[in-house]
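A.B. asks: The structure's right below; bear with me while I get my questions together.
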Amino acid sequence: MTLTDKTITCRDCGRQFVFTVGEQEFFAGKGFANDPKRCPECRADHKAGRGGSYSGGADSSNGRGRLRREMYPAVCAHCGRETEVPFQPRGDKPVYCSECYKALERREGRW
């Protein structure tokens, strides 16, 4: 069977992308039976955990056809600095800025 490049429409952003012969061979070598459903950018976002939690709105486009994640203001429970987080703080648990959160994870050995 001879492979040829395929044009696929991304299920997340709706843009078309080319699934090349080389990519098809790579997928087959990994044992993947299905073609990808997301473009490389959306696959990377999904893999990084950034997929699925986006808000709508006329001004929420990031300029690449995708929507930005809604951010909420918060005050870091450790350093007191104002920050933004990708979830609505409820007030019953501490919220940390990214620097304090990373330092806390290192201290507790979560890495």
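A.B. asks: Take the residues in region 1-38 that are among the acidic types (D, E), farther than 22 Å from R68 by Cβ and assigned to a loop (DSSP other than H, G, I, E, B); name whichever of them is farthest from the chain's Cα centre (by Cα). Even if it seems obvious, please write down each step before you answer.
C.D. replies: Taking region 1-38 first, the residues among the acidic types (D, E) are 5, 12, 23, 25, 35.
With farther than 22 Å from R68 by Cβ added as a condition, the list becomes 5, 23, 25, 35.
Going one step further and asking which of them are assigned to a loop (DSSP other than H, G, I, E, B), we end up with 5, 35.
Numbers: D5: 26, D35: 20 Å.
Among those that are among the acidic types (D, E), farther than 22 Å from R68 by Cβ and assigned to a loop (DSSP other than H, G, I, E, B), it is D5.
A.B. asks: Sticking with this structure for a sec: Inspect all residues belonging to region 29-47 and state whether any of them is of a type in the set (A, V, I, L, M, F, W, C), in contact with a Phe, Trp or Tyr (Cβ under 7 Å, 6 or more places away or on another chain) and either modelled with pLDDT of 80 or more or surrounded by 14 or more Cβ atoms within 10 Å (Cβ to Cβ) (or both).
C.D. replies: yes
A.B. asks: Restricting to region 66-102, give me the number of residues that are among the aliphatic types (A, V, I, L, M) and either modelled with pLDDT under 90 or in contact with a His (Cβ under 6 Å, 6 or more places away or on another chain) (or both).
C.D. replies: Step one: filter region 66-102 for residues among the aliphatic types (A, V, I, L, M), giving 67, 71, 74-75, 77, 85, 95.
When the remaining residues are screened for being either modelled with pLDDT under 90 or in contact with a His (Cβ under 6 Å, 6 or more places away or on another chain) (or both), the result is 67, 71, 85.
Matching residues across region 66-102 total 3.
A.B. asks: Say we look at region 1-28 and pick out the residues that are in contact with a helix residue (DSSP H, G or I) (Cβ under 9 Å, 6 or more places away or on another chain) and in contact (Cβ under 8 Å) with a residue 40 or more places away in the chain; which of these is surrounded by the most Cβ atoms within 10 Å (Cβ to Cβ)?
C.D. replies: Top of the filtered list is D12.
The values are calculated or read from the model by the stated rules, or taken from the named source; none is laboratory data. Everything numeric in this text was worked out from a predicted model, so none of it was measured. A quick note on method: Cβ atoms are made from the backbone with ideal geometry, for glycine too, and the neighbour counts reach across all protein chains shown.
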